[in-house]
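Okay, so here's the structure we're looking at.
The values are calculated or read from the model by the stated rules, or taken from the named source; none is laboratory data. Every value quoted in this text rests on a predicted model; they were computed, and no experiment measured them. Cβ coordinates were reconstructed from backbone atoms using ideal geometry, including for glycine residues, and neighbour counts include every protein chain displayed. Protein only, heavy atoms only, side chains kept; ligands, DNA and RNA dropped before computing areas. Shrake-Rupley method; radii C 1.70, N 1.55, O 1.52, S 1.80 Å.
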Amino acid sequence: MIRMENVNKWYGDFHVLKDVNLNVKKGEKVVICGPSGSGKSTTIRCLNHLEKFQQGKIFIGETELIEDVKIVRHIRSKVGMVFQHFNLFPHLSVLENLVIAPTWVHKKPRKEAIETAMYYLDRVKISDQANKYPNQLSGGQQQRVAVARCLCFNPEIMLFDEPTSALDPEMVSEVLDVMVELADEGITMICVTHEMGFAKKVADRVIFMDGGQIIEENEPHTFFEQPESDRLKLFLDQIL
Ligand code: ADP
Ligand code: MG
């Protein structure tokens, strides 16, 4: 479903991704962790062309990600992304946040867009808040709205970039619960997170990045119980 082959990226002189190779099968759940600045966000942002890369190849399904408006649009329609900061429109109600892109960008009939939006708001257990504005909701609720907004596009792949790290601790689990449900439904998922409980519960594979490289990857049990590299051991000591 996702294939990165020797992807290299530079910001000016700074070599941010170094020969990143990543294969994710349909339905697989992958967690990426690693120190701040190690290239985790850059890696997943390359997958839906929020960042360009200079060397290597990326395939989403059969489609190679190249700089072509139609290809990028096609890939973005398959790949949803949830960010650390929820990026909701503050001047629009929760419902309108979910309806605006499908109706304006994709020319979906408004009635249909509202039905879809309400369906997914219900799925993340927040349909009772549909007419409120984002700043009237808690951080956890806003992040669930952001997840619902993504789901309205019926993506095949969901990318999460530290979706709970801006939340107060008591709100983390309500977002993780929604993600666990999605995972159980079989969507392909890559999640950058330091929530190791989530990784243990959901991930088929955990990847450790440092210095722009994938240093180590394994199924969760081995990853946590028998880390090989000193860098991963040190990292786990720091976060666990
Ligand atoms: P992570 O998500 O693992 O914390 P990032 O992928 O955000 O790391 O960033 C990797 C490195 O690239 C960091 O050193 C960061 O400072 C740098 N970086 C990120 N975005 C930019 C940018 N737009 N321009 C220059 N450097 C950047
Ligand atoms: Mg990041």
If you build a Gaussian network model of the chain, linking Cα atoms that sit under 10 Å apart, which residue out of ASP184, ASP122, ASP230 swings the most?
ASP230
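How large is the dipole of segment 21-75 about the Cα centre if only Lys and Arg carry +1 and Asp and Glu carry -1, each at its Cβ, rounded to the nearest 20 debye?
On the way: 9 positive and 6 negative charges, 37 e Å.
Magnitude of the dipole: close to 180 debye.
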Tell me which residues come under 5 Å, amide H to amide H, from GLU216 once H is placed; ignore anything under 5 positions away on its chain.
PHE208
Sorted largest first, extent of segment 77-179 alpha carbons per principal axis (Å):
39, 28, 21
Just name one of ILE157, PHE198, PHE223: the one whose Cα is farthest towards the positive end of the charge dipole of segment 142-224 (beta-carbon charges, Lys/Arg +1, Asp/Glu -1).
ILE157
For segment 16-85 and segment 118-190, distance of Cα centres in Å
20 Å
Average accessible area per residue (Å²) across segment 148-211 - probe 1.4 Å, nucleic acids and ligands excluded
36 Å²
Place a +1 charge on the Cβ of each Lys and Arg in segment 110-240 and a -1 charge on the Cβ of each Asp and Glu, then give the dipole magnitude about the Cα centre in debye, rounded to the nearest 20.
580 debye
Could you calculate the contour length gain from ASP177 to LYS125, that is, 0.36 nm times the residue separation minus the distance between their Cα atoms, to one decimal place in nm?
17.6 nm
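Give the whole-number value, in cubic angstrom per residue, of the convex hull volume spanned by the C-alpha atoms of the chain.
127 Å³
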On each of the three principal axes of the Cα atoms of segment 153-240, give max minus min coordinate, whole Å, ordered largest first.
40, 29, 24
Check ILE32: other-chain or 5+ apart residues with amide H under 5 Å from its amide H, H built from backbone geometry?
CYS191, VAL192, THR193, ILE207
Pop out the ³J(HN,Hα) list for segment 62-70 in order, Karplus 6.51 cos²θ - 1.76 cosθ + 1.60 with θ = phi - 60°, rounded to Hz; leave Gly and Pro as x.
8, 8, 7, 7, 10, 7, 8, 3, 5
